[in-house]
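Student: Mind looking over this structure? Questions follow.
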Amino acid sequence: MKVTVFSTKPYDTQFLSRANPPGRHRLIFLDSRLTPETAAAAGGSEAVCGFVNDDLGAGVLRVLAAQGTRLVALRCAGFNNVDLVVARDLGICVARVPEYSPHAVAEHTVALILTLNRKIHRAYARVREGNFALDGLLGFDLHSRTVGIVGTGKIGAAFARIMAGFGCHLLAFDPKPDPGCVALGVSYVPMAKLLRDADIVSLHCPLTPKTRHLIDAAAIAQMRQGAMLINTSRGAVVDTRAVIKGLKSGRIGSLGLDVYEEEADLFFENLSDKVIQDDVFARLLSFPNVVITGHQAFFTAEAMHAIAEATLANITEFERSGRALHEVSVEKLA
Ligand code: NAI
């Protein structure tokens with residue numbers, strides 16, 4: 001099957017090619033992001049392989065369908081960038097990789113927490129300058145602190161297990177509580193109580209119309225003074241402007257982000273000799289108590305291998321039976 005792969009980086013080529021048995025599928029790797037302007041490049045491809053910031057809205061899907069595309073194989077878990085209703089109406093099958101390594105994202109979440117708490121980002125820079133003073137580097141014991149987990153699916157549950165090992169009290173909010181988390185000692189509470197009691201709030205829910213700006217000004221006002229907020233889910237789960245106000249007032253004591261509302265124009269590219277045009281993002285970078293990584297939480301060798309294998313398996317199964325292994329559809333979500 002001819003598959004056009006958008007937003008390709010060298011590591012995508014490496015892992016996807018390795019997972020594609022010789023002569024199985026014809027993978028066409030394109031650097032460009034999938035947008036209304038670049039969709040024509042997939043002409044003649046029965047399948048398109050997209051990533052988190054590819055535009056799979058109504059306009060792009062219509063162009064793809066008219067060109068003969070019948071499968072959108074996402075090489076990620078989230079599918080908030082796809083118009084599933086339009087895909088269904090056009091007869092395009094949408095598949096994703098529901099699970100690859102929840103540990104990769106959970107462990108990166110812990111890396112952000114430890115960095116912020118023990119100020120590793122500042123200590124690293126100081127020591128390189130020969131500055132060994134400890135002022136400003138005071139952290140707190142994670143042991144006995146309360147961690148609030150929003151969304152205890154595969155990643156949230158893996159994160160809960162790690163934080164239990166630190167000796168933290170675990171609160172969670174999820175419309176579908178996980179028995180494994182309950183057995184671990186996680187207490188499911190209403191969102192308002194989680195925000196009120198947690199020293200660290202970590203977001204692991206998908207981006208949906210219900211979770212867009214879940215952390216807004218009203219939610220921040222309910223948080224503990226000086227609480228840490230971590231988002232490794234999707235950028236728009238938090239209202240970034242409200243978070244900036246929370247940081248300025250001190251209500252949010254520190255912020256760790258792996259995702260950002262407007263990341264599509266920034267992340268995954270080397271912009272180091274460009275002027276950043278996004279003033280909201282630039283403001284975030286100016287805080288000493290903010291650590292941002294560019295959507296790298298998934299990026300481990302194990303996860304990349306699993307993503308490539310599952311993406312190719314979706315494509316192969318679709319070619320064989322007309323159905324992908326891990327389809328996402330409006331019906332399944334209902
Ligand atoms: P999952 O589907 O296993 O779990 C999501 C959980 O969120 C479910 O238990 C669901 O009931 C819960 N949820 C749904 N609506 C909620 C709400 N309003 N409030 C609280 N919880 C709610 O998904 P998984 O694999 O754990 O991934 C979670 C999210 O992490 C993905 O949707 C994706 O956006 C993000 N992600 C980020 C990556 C990164 O590299 N930064 C990589 C992979 C995923």
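The values are calculated or read from the model by the stated rules, or taken from the named source; none is laboratory data. These numbers come from a predicted model, not from an experiment. Cβ: placed from backbone, ideal geometry, glycine included. Neighbour counts: every protein chain shown. Calculation scope for accessible area: heavy atoms of the full protein, side chains included, ligands and nucleic acids excluded. Shrake-Rupley method; radii C 1.70, N 1.55, O 1.52, S 1.80 Å.
Student: Sort out which residues of the stretch 168-197 are closer than 21 Å to residue 253 by Cβ, open to solvent by less than 70 Å² (accessible area, probe 1.4 Å) and more than 13 Å from the ligand (Cβ to nearest atom), and write them in order of number.
Tutor: Within the stretch 168-197, 168, 170, 197 meet the criteria.
Student: Just to be sure, is residue 24 open to solvent by 50 Å² or more (accessible area, probe 1.4 Å), part of a loop (DSSP other than H, G, I, E, B) and either at pLDDT 95 or above or outside the structural domain of residue 155 (by TED's automatic domain parsing) (or both)?
Tutor: yes
Student: What do you reckon, is residue 117 under 21 Å from residue 297 (Cβ atoms) and over 21 Å from the mean Cα position of the chain (by Cα)?
Tutor: Here the answer is yes, as residue 117 does meet what is asked.
Student: Could you tell me which of the residues 282, 297 is part of a helix (DSSP H, G or I), open to solvent by less than 70 Å² (accessible area, probe 1.4 Å) and not aromatic (Phe, Trp, Tyr)?
Tutor: From the options 282, 297, the qualifying one is 282.
Student: Which count do you get for residues in the stretch 53-98 that are within 16 Å of the ligand (Cβ to nearest atom), open to solvent by 30 Å² or more (accessible area, probe 1.4 Å) and charged (D, E, K, R)?
Tutor: 1
Student: With respect to residue 307, determine if the residue is in the same structural domain as residue 23 (by TED's automatic domain parsing), outside any loop (DSSP other than H, G, I, E, B) and away from the ligand (no atom under 15 Å from the Cβ).
Tutor: No; evaluated as a whole, the condition is false for this residue.
Listed here are the residues, each with its yes/no results for (1) on the phi > 0 side of the Ramachandran plot; (2) assigned to a helix (DSSP H, G or I); (3) polar (S, T, N, Q); (4) without any contact (Cβ under 8 Å) to a residue 40 or more places away in the chain.
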position	(1), (2), (3), (4)
116	no, yes, no, no
123	no, yes, no, yes
134	no, no, no, yes
137	no, no, no, yes
144	yes, no, yes, yes
148	no, no, no, no
155	no, yes, no, no
159	no, yes, no, no
162	no, yes, no, no
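Student: Working carefully through the options 161, 122, find the one that is more than 16 Å from the ligand (Cβ to nearest atom) and surrounded by 15 or more Cβ atoms within 10 Å (Cβ to Cβ).
Tutor: Being more than 16 Å from the ligand (Cβ to nearest atom) and surrounded by 15 or more Cβ atoms within 10 Å (Cβ to Cβ) holds for just one of 161, 122, which is 122.
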